[in-house]
Amino acid sequence: MKIRETSLKNVLIIEPDVFTDQRGFFMETFHQEKYRELGIHVAFVQDNLSHSVRGTLRGLHYQHPHGQAKLIQVLAGKVFDVAVDIRSGSPTFGQWTGHELDSETKQQIFIPEGFAHGFCVLSERAILTYKSSDFYAPNDEGGILWSDPYVGIKWPISDPLLSEKDSQFPFLKDIPPHLLPPYGG
């Protein structure tokens with residue numbers, strides 16, 4: 001297994017070991033001890049599955065105070081996956097990193113607590129799975145508008161399919177700092 005750092009500290013691209021032969025392939029999608037050796041010391045408590053069609057954009061979502069670290073992988077199709085640092089006081093506050101994830105490369109992205117997450121679908125459909133370090137808490141749910149000019153994400157689509165909720169999120173600059181996760185150093 002290989003790990004690559006991104007432009008945001010602790011947001012990591014993971015390239016799992018994949019064993020391929022004429023029958024297909026085998027891989028471990030998660031092995032707690034191996035991920036801890038990579039520096040990912042998170043206890044995941046919930047698995048989620050998302051199916052979306054081409055042009056769908058989901059996000060940018062976060063939870064506070066019950067933050068969620070996420071380990072994300074595409075099982076079918078291709079997405080552009082994004083993490084935004086929303087930790088109040090962070091030296092990289094408002095910065096983002098984006099990476100294509102697909103079912104061919106089988107790469108994963110690890111996003112720690114304190115980051116908003118979103119993705120858009122680049123293939124006809126995409127099935128995405130992710131592990132979360134805390135349970136979904138509707139009262140702690142927050143979001144940032146996908147097209148926030150302050151954040152300036154360069155999405156590979158211009159007219160996405162959005163949920164009503166996602167289309168009404170505020171700009172990051174309009175969220176009071178006490179409603180965002182704090183930067184821990």
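All of the numbers you see were taken from the coordinates with simple rules; none came from a lab. The shown structure was predicted, so the numbers you read here are calculated from the model rather than taken from an experiment.
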> Can you count the Lys pairs in the chain whose Cα atoms are under 22 Å apart, with each pair 8 or more apart or on different chains?
Replying inline: 26
> Whole-Hz Karplus ³J(HN,Hα) for the range 64-79, in order, using 6.51 cos²θ - 1.76 cosθ + 1.60 and θ = phi - 60°, x for Gly and Pro?
Replying inline: 7, x, 8, x, 10, 7, 9, 10, 10, 8, 8, 8, 8, x, 8, 9
> What shape does the range 1-81 take by its C-alpha gyration tensor, where a ≥ b ≥ c are the square roots of the eigenvalues and a/c under 1.5 counts as rounded, a/b above b/c as prolate, and the rest as oblate?
Replying inline: oblate
> Rounded if a/c is under 1.5, else prolate if a/b is larger than b/c, else oblate: which is the range 88-185, with a ≥ b ≥ c the root eigenvalues of its Cα gyration tensor?
Replying inline: prolate
> Does the range 25-162 come out rounded, prolate or oblate, given a ≥ b ≥ c as the square roots of the eigenvalues of its C-alpha gyration tensor, rounded meaning a/c under 1.5 and, failing that, prolate meaning a/b above b/c?
Replying inline: oblate
> So what's the gap between the Cα centers of the range 102-162 and the range 74-101, to the nearest angstrom?
Replying inline: 7
> Residue by residue through the range 38-54, which ³J(HN,Hα) values in whole Hz follow from phi under the Karplus form 6.51 cos²θ - 1.76 cosθ + 1.60 (θ = phi - 60°), with glycine and proline marked x?
Replying inline: 7, x, 9, 9, 10, 9, 7, 10, 8, 10, 10, 10, 10, 10, 9, 9, 3
> For the range 21-34, what does the Karplus curve 6.51 cos²θ - 1.76 cosθ + 1.60, with θ = phi - 60°, yield as ³J(HN,Hα) per residue in whole Hz, taken in order and with x for Gly and Pro?
Replying inline: 8, 4, 7, x, 8, 9, 7, 8, 8, 6, 9, 3, 5, 5
> On full extension of the chain, what length is gained from E15 through N139, given 0.36 nm per residue of separation minus the C-alpha to C-alpha distance?
Replying inline: 41.2 nm
> So what is the 222 nm mean residue ellipticity for the chain from helices alone, if each DSSP H run of at least 4 adds -39500 (n - 2.57) and you divide by all residues, rounding to the nearest 500 deg cm²/dmol?
Replying inline: -1000 deg cm²/dmol
